1. I need the phi-derived Karplus couplings for the range 44-57: 6.51 cos²θ - 1.76 cosθ + 1.60, θ = phi - 60°, integer Hz, Gly and Pro marked x.
2. Springs between alpha-carbon pairs under 10 angstrom, Gaussian network model over the chain: which of ALA35, ALA15, ALA152 fluctuates most?
3. Let me know the whole percent of all Cα-Cα pairs from the range 196-247 that are separated by more than 19 Å.
4. With 10 angstrom as the radius, rank TRP325, TRP247, TRP342, TRP91 by how many other C-beta atoms surround their C-beta, starting from the fewest.
5. Sort VAL297, VAL351, VAL7, VAL194 so the one with the fewest other Cβ atoms within 10 Å of its own Cβ comes first.
6. In whole Å, largest first, what are the principal axis extents of the Cα atoms in the range 271-369?
7. Over its Cα atoms, what ratio of radius of gyration to 2.2 N^0.38 Å does the range 259-321 give?
8. Starting from the eigenvalues of the Cα gyration tensor, five times each then square-rooted, give me the equivalent ellipsoid semi-axes of the range 104-254, largest first, whole Å.
Amino acid sequence: MKKILIVGGGIAGIAIARLIQHKGHHIKLIEKQAAWQTSGTGLYLPSNGLVALDKMGLGDIARQKGHCINARHIMSPKGKMILDLDLEKIWNRKKPCLGIHRKILHDILLDSLDNVITSFDTTINTLTHNQQFTEIEFSDGTTEKFDLIIGADGLYSKTRELIFGKTPLRKVTSQVCRFIIKKPLHIDSWSLYVGSSGQFLIIPISNDQAYCYVNRKTKGFKTFNTSVYMKPFKKFTSPIPEILDEWNPETSYWDDLEELPPLPSMGKNRIVLIGDAAHGMPPFMAQGGALALEDAVVLSKLLDTQNWDDITSRFSEERANRINWTRIRNQKREKLSKLPFWIAKIGLKKVGEKNWTEDYKPLSDPPNW
Ligand SMILES: Cc1cc2nc3c(=O)[nH]c(=O)nc-3n(C[C@H](O)[C@H](O)[C@H](O)COP(=O)(O)OP(=O)(O)OC[C@H]3O[C@@H](n4cnc5c(N)ncnc54)[C@H](O)[C@@H]3O)c2cc1C
């Protein structure tokens, strides 16, 4: 029986725990928070993420509990359509994408996780590794040896730092605001209202809830007082002023966006990094959740082989193409998002559909799993 430690219980950590829990290993998962996530905002899961959930047998329940998204609408502040993207055409499948509450997705992944020892309020202090095993000192001072460590501890991964040293993140944008609202009746698609002052995105995540993601344009990394952040969006078309009448800055989530530069590989010896710990990127293509789920499915397949000595290089090789592609295309989307509105509008009208189709095309075929 091999011993596996999973560090971090986010999408990536819970997904891999679930996939390998009945394969005859002894699995321990540590999470630095005191309990499983009880709140959070929404998540847009592009089709490759939903295909990964299908592979795990969870696609149908996610579709039932979330909101299937078949179109992306990009509109002017007055609500005039700039680009209407048919996602069934882009992904070449029915009901291709999903909006879902993060907590609901976590609960779906956690359901029937019954063969994993979980320790909350726990992290790792040190890690000593060689080809055969890795010895961990936990935050409570105890030590234990493992055959494999899976670092699923997110963008600020301690596991990554312990094997590669500090990797400075690239700051991309400051002050993105996210919150959940009652779903406006007529919003059934991914609906982006964009103007010179910024972007206001509404994504349905269930029959009665939607998720808003707002990014106010600034010079450099200037931040606003939260009480005035939404001011320009109050002039946008309905339903935005009505949404903002009810909005509370204090219950919203405020984030800076950052990117992890490419790593030499997705781990070292028998320490594998998955999800944001390996390839955290800002959500211009909204691929973070999808890639984390794909990582888990691909790694789970590789762990079916007996010899794990070269597990990190095999995993890195399997994942390299999709992750590099996504990083490059995501950076391109980041540049486009910073263009003056009038230029972006012309570009979206002329080549928006072509660009979007190209961006997602290589991801529409599943990975080798
Ligand atoms: C503003 C914003 C919007 C986004 N929107 C989308 C979207 O619409 N669609 C999408 O797919 N992606 C989106 N993403 C990206 C997505 O959130 C991440 O890619 C995804 O959550 C990665 O999952 P993960 O499990 O790898 O990491 P995380 O979700 O960060 O989970 C890591 C877990 O590890 C725990 N942990 C951390 N450090 C330690 C430690 N030292 N010891 C033990 N436990 C630890 C954390 O508490 C956490 O539970 C967005 C990101 C941001 C910032």
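1. So the Karplus estimates, Gly and Pro as x, are 9, 10, x, 4, 5, x, 5, 5, 5, 5, 4, 4, 8, x Hz.
2. Looking only at ALA35, ALA15, ALA152, the largest GNM fluctuation is found for ALA35.
3. 29 percent
4. Result, fewest neighbours first: TRP342, TRP325, TRP247, TRP91.
5. Placing the least packed residue first, the sequence is VAL351, VAL297, VAL194, VAL7.
6. That works out to 56, 23, 17 Å along the principal axes.
7. Values: Rg = 11.7 Å, N = 63, 2.2 N^0.38 = 10.6 Å.
My calculation over the Cα atoms of the range 259-321 gives 1.10.
8. On the way: eigenvalues 342, 90, 32 Å².
Computed over the range 104-254, the values are 41, 21, 13 Å.
Here, each number is a calculation from the coordinates, and none is a lab measurement. The shown structure was predicted, so the numbers you read here are calculated from the model rather than taken from an experiment. Glycine gets a Cβ as well: all are built from the backbone with ideal geometry, and neighbour counts include every protein chain shown.
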